[in-house]
Amino acid sequence: MRVKVSRIEHFNAAHKLFNKNWSREKNDLVFGPCANDNWHGHNFDLITTIEGEVDPASGFVVDFGLLSKLIKDEVINKIDHKNINLDVEFMKEKMASCENIVIEFWKILEPQISLLAPDARLYRLALHETKNNFVEYYGD
């Protein structure tokens, strides 16, 4: 039986949305205060959903402790309390939008999941930037 399980991890980070090929006026028009020269920050929540077979011996799709460690080691520890535009290697030269951030998270996490649970796969990542704004990515 295939089941979906999810883990929430939290991190804080600063970023700026700014297209260097646009004028200051266009950046301000498109991104508003998110184009602030002095950056802005968020308290992010990353929800990682795994789909897989329930192991008859453990009753788990994946061990939540191991999943948490993987997410923290591979993603959270590299972005938490950082400036996404300047300090995060996997975001260099990319627009630091939630959409791009979650796609990069997927690239990092997706190949690792089968190492934790051979019959499981990364199903969905959701990145909550604020209580009202979030993005979802299914790897397509």
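Every read-out reported here was derived from the displayed coordinates using simple, explicitly stated rules and does not represent laboratory data. What you see is a predicted model; the values in this text were computed from it and never measured. Cβ sites come from the backbone with ideal geometry, for glycine too, and all protein chains shown count toward neighbours.
Observations
- Meets criteria (out of contact with any Pro (no Cβ under 7 Å at 6 or more places or on another chain), surrounded by fewer than 15 Cβ atoms within 10 Å (Cβ to Cβ) and either on the phi > 0 side of the Ramachandran plot or not small (Gly, Ala, Ser) (or both)) for Lys82: no
- Within the range 1-28, considering residues that are loosely packed, with under 12 Cβ neighbours inside 10 Å and touching a residue at least 12 places away in the same chain (Cβ under 8 Å), the one farthest from Glu110 (Cα to Cα): Met1
- Residue that is farthest from Phe18 (Cα to Cα), among those in the range 89-140 that are within 15 Å of the chain's Cα centre (by Cα) and polar (S, T, N, Q): Gln112
- Test: residue in the range 96-115 that is over 16 Å from Leu46 (Cα atoms), of a type in the set (A, V, I, L, M, F, W, C), surrounded by 14 or more Cβ atoms within 10 Å (Cβ to Cβ) and in contact with a helix residue (DSSP H, G or I) (Cβ under 9 Å, 6 or more places away or on another chain): no
- Those helices (runs of 4 or more DSSP H) of the range 38-120 in which at least 3 residues are closer than 21 Å to Tyr138 by Cα and free of Cβ contacts under 8 Å to residues at least 40 places away in the same chain, considering only elements entirely within it, cover 98-116.
- Yes/no for Asp140 being loosely packed, with under 13 Cβ neighbours inside 10 Å and in a loop (DSSP other than H, G, I, E, B): yes
- Hey, Phe31 surrounded by 13 or more Cβ atoms within 10 Å (Cβ to Cβ), outside any loop (DSSP other than H, G, I, E, B) and free of Cβ contacts under 8 Å to residues at least 40 places away in the same chain or not: yes
- Candidate set from the range 43-68 (those that are surrounded by 17 or more Cβ atoms within 10 Å (Cβ to Cβ) and in contact with a helix residue (DSSP H, G or I) (Cβ under 9 Å, 6 or more places away or on another chain)); member that is nearest to Ala14 (Cα to Cα): Phe44
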